[in-house]
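Throughout, read-outs are computed from the coordinates displayed, never taken from laboratory work. Since the model is a prediction, treat every value here as computed from it, not as a measurement. When we count neighbours, we look across all protein chains shown, and the Cβ atoms used for this are built from the backbone with ideal geometry, even at glycine.
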Amino acid sequence: MDRIDRTDGIDRIDVYMEASRQLEPQLNLEDLRPRQPEKKRFSDRFMPRRNRHILFDPAKCTGCGTCEMICSTRNAAVVAPVLASIKVLTNERLGKSFAILCQHCRRPLCLEACPTRAIEKGDDGIVRINDLYCTDCGMCTMACPEAAPLRDPARQEIHKCDLCEGDPLCVKHCPGKALTFTRGKALRWIKAARWGVQALSFLFLVILVVGTFCYFRAGTVELACPTGTLQNIASSGTLILVGASSALALLILTVLFGRVFCGWLCPFGFVLDLVDKIVPKRLGWPAFLKSRMAKYGILGGAVGSSAVLGYQAFCTVCPIGTLCRSYGVQSVMQSAELAIVPALAATEIAERRSWCRYLCPVGATLGIASLLRLLKIVIGARKCKKFSCIQCAEVCPVGIINADELREGISPKVPMTECIMCLRCVDRCPYGAAKVRFRWQKSTPGEANA
Amino acid sequence: MKPRRDRIEEAKKLSGASGCVECGRCVAACPMAEMYADFGIEMSPRGIIKKTLVGEDVVADRNIWFCTECNSGTDVCPQGVSCRDLIRKLREAAIEEDVVENARRCETCGRFFLAAPVEGFVQGRLKDEPANVLKALETCPSCRREIYLLRNA
């Protein structure tokens, strides 16, 4: 080791200057060449494009290790896979390969854990380690659920992917195209379509009062609320075939597409979605109130009370019904009924769609019908980026996507009797992992055909 | 089994600790100062080196378990003393002598991979996260990657 000359102060300053010069990133030829600026699109003004990410498909990975080698040339200018910031693991018993690389989380845990605050997330979404502050202590590796910052055994330095500043070499050189660099494919049009359908449905059922949701008649077509019909049957004690068949329409719709009524057609659901837009902060319910089975109990209670009392007791307070009946243009001001909708809409303060989650007996009827469903929503493990994203769990209005499983690196199962088929997750997923599938199709490893 | 004094001697020789001039640059660069509120001379690299040199029983000392085994002290040392190697050797000696109340085993593979105060620091920084995120701290990084492979490949 060279001794620093301590006799002359000026010499020491030169040593420090030299050292700091070495710490500055080396420019290579590619950096000096003029780069093509990214083309601005017209739509960027309204909806800025999301940042690019590396997607890894384990089904296409052969475990060849080309990515490691090419990555090491960038980090250390020498071909040595241990110096790479991507690591290919191969499980010989299962015959499977997997690449560990930084996912550039939306909320990086490594950033929280770094003692010297050397890690930062840029505006371009890239999580970088600043070499000037990094001490190679390895706390980022400890905090990362995937242990993606890699410590090389030779020099004990931490290597972490920085997406090659927007032009990753591993993606270019992957022979099996298992790594792709993409902006993802969020659909984004489902949102507009859903709000349109909801508004139309609200217009027809509430404002224009072509009919109410409870009973709807246009010419020879008769439609009726299935929960109301159940209560009707219970109170009158006779099976009215015409009424039952008109109630069947909604049940058939549910079998075909899941509970689309709740997500797309229900006027009260539309009100709740609107109220949700203005709720600043959610308070949450205490845990003992959060029982999704309660709505089935309410359904049973509604049917039972109709049988005892002889009229549809629940329907007089049903928020969907009162909304349709009392809030229309031609409505007589039935003062007591007017209070029901605002009172239940206020539950949005605690959780999104609290009514639909825990209480709605109409949803319970449709939930029973959806046991025979044809469709399911899958969050595919191959494309899902798990703990780094968790957007699907955030946008889900009924909160059925398990964020804890995502944080552990498991693709969650979506319980379809609770799903209101609003397709927010499908719309929002940046990586095309959330999809609608037939229930017999398989799309995540280890998933049963349920 | 080698006597403890021989192990300390070996660690001293391997890390070059006897060349220490007590300039304190390693303390200035040490990330432990940011990590622990009670950071002081007794747990700093300079303190550990000094204790080793004057012949104290550092293997049984709790203070050797605060280090993150980073490289910054070695990088700035004018004498090339590697405080990391010293602490690593001392920890090895402690584990061989079964003084392990401050070392953490991996839940999966059972190897020692982390010191308790360091784990405490990471848990303190991530305390707002859900419990299952903190549970990942109980497995060593290589096992964590292996588990991730088995779940997702």
Between residue A:192 and residue B:135, the FRET efficiency computed from the C-beta separation at R0 = 45 Å comes out, to the nearest 0.05, as 0.65
Would you please put B:125-136, A:295-306, A:403-414 in order of how densely packed they are, using the mean number of other Cβ atoms within 10 angstrom per residue and starting with the highest? A:403-414, A:295-306, B:125-136
For residue A:432, enumerate residues with amide H under 5 Å from its amide H, sequence gap 5+ or separate chain, H modeled in the peptide plane. A:185
Compute the distance in nm between two label points, each set 7 Å from the Cα along the Cα-to-Cβ direction, one at residue A:244 and one at residue A:59. 4.5
Quick check on the stretch B:4-96: what are the equivalent-ellipsoid semi-axes from the Cα gyration tensor, as sqrt(5λ), descending, whole Å? 18, 15, 11
Full-extension gain between residue A:282 and residue A:350, please, as 0.36 nm times their residue separation minus the C-alpha to C-alpha distance. 24.0 nm
Residue among B:86, B:137, B:114 with the largest mean-square fluctuation in a Gaussian network model of chain B, springs linking Cα atoms under 10 Å: B:137
Using Cα atoms only, what is the angle between the long axis of helix B:83-96 and the major principal axis of chain B, expressed in degrees (0 to 90) to the nearest 10? 70
Neighbouring partner chain Cβ atoms per residue of A:126-135, average, 10 Å criterion: 2
Approximate spin-label separation residue A:439-residue A:307, in nm, with each point projected 7 Å along Cα-to-Cβ: 2.6
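Restricting to DSSP loop positions (anything but H, G, I, E, B) with no more than 16 other Cβ atoms inside 10 Å of their own Cβ, which GluC sites (Glu not before Pro) remain in the stretch A:50-152? Mind dumping the intermediate values first?
Values: sites: A:68, A:92, A:112, A:120, A:146; in loops: A:92, A:146.
Answer in residue order: A:92.
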Whole-Hz couplings from phi, Karplus 6.51/-1.76/1.60, listed for the stretch A:86-98; x for Gly and Pro: 10, 10, 9, 9, 10, 9, 5, 5, 8, x, 10, 10, 8
Using alpha carbons only, how many degrees (0 to 90, rounded to 10) separate the axis of helix B:141-152 from the longest principal axis of chain B? 10
Table column - 3J(HN,Hα) (Hz), the stretch A:275-282, Karplus curve with 6.51, -1.76, 1.60, x for Gly and Pro: 4, 4, 5, 9, 7, x, 9, 8
Output ³J(HN,Hα) for the stretch A:302-307: one whole-Hz value per residue in order, computed from phi by the Karplus curve 6.51 cos²θ - 1.76 cosθ + 1.60 with θ = phi - 60°, and x for Gly and Pro. 5, 5, x, 5, 5, 5
As an exercise, take the mean of 1/r over every pair of distinct alpha carbons in the stretch B:9-59, invert it, and state the Kirkwood radius in angstroms. 11.6
Return the lysines within reach of residue A:376: Cα separation strictly under 16 angstrom, same-chain partners fewer than 8 residues apart disregarded; answer none if there are no such residues. A:413, A:435, A:442
If I take the Cα coordinates of the stretch A:375-438 and project them onto the principal axes, what are the three extents in Å, biggest first? 25, 19, 17
Using amide H atoms built in the peptide plane, which far-off residues or other-chain residues are under 5 Å from residue A:100 H to H? A:87, A:88, A:89
Distance histogram for the protein assembly as shown (every C-alpha pair counted, 10 angstrom bins, percent rounded to whole numbers): 3, 13, 20, 19, 15, 12, 9, 5, 3, 1, 0
Could you please state, rounded to a whole Å, how far the C-alpha centre of the stretch A:235-311 is from the C-alpha centre of the stretch B:4-83? 67
List the residues, sorted by chain then number, that are 5 or more residues from residue A:119 or on another chain and whose placed amide H is less than 5 Å from its amide H. A:130
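Just in the stretch B:69-137: which GluC sites (Glu not before Pro) are loop by DSSP and have at most 11 other Cβ atoms within 10 Å?
B:101
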Over chain B, with a Gaussian network built from C-alpha contacts below 10 Å, which listed residue (B:78, B:45, B:117) shows the highest mean-square fluctuation? B:78
Report, as an integer, the average count of C-beta atoms from other chains found within 10 Å of each Cβ along A:144-154. 4
Can you give me the distance in nm between label points at residue B:107 and residue A:94, each placed 7 Å from the Cα along the Cα-to-Cβ direction? 1.8
Could you work out how far helix B:4-15 tilts from the main Cα principal axis of chain B, as a 0 to 90 degree angle to the nearest 10? 90
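Per residue of B:40-48, what is the mean number of Cβ atoms on other protein chains within 10 angstrom of that residue's Cβ?
Average per residue, whole number: 0.
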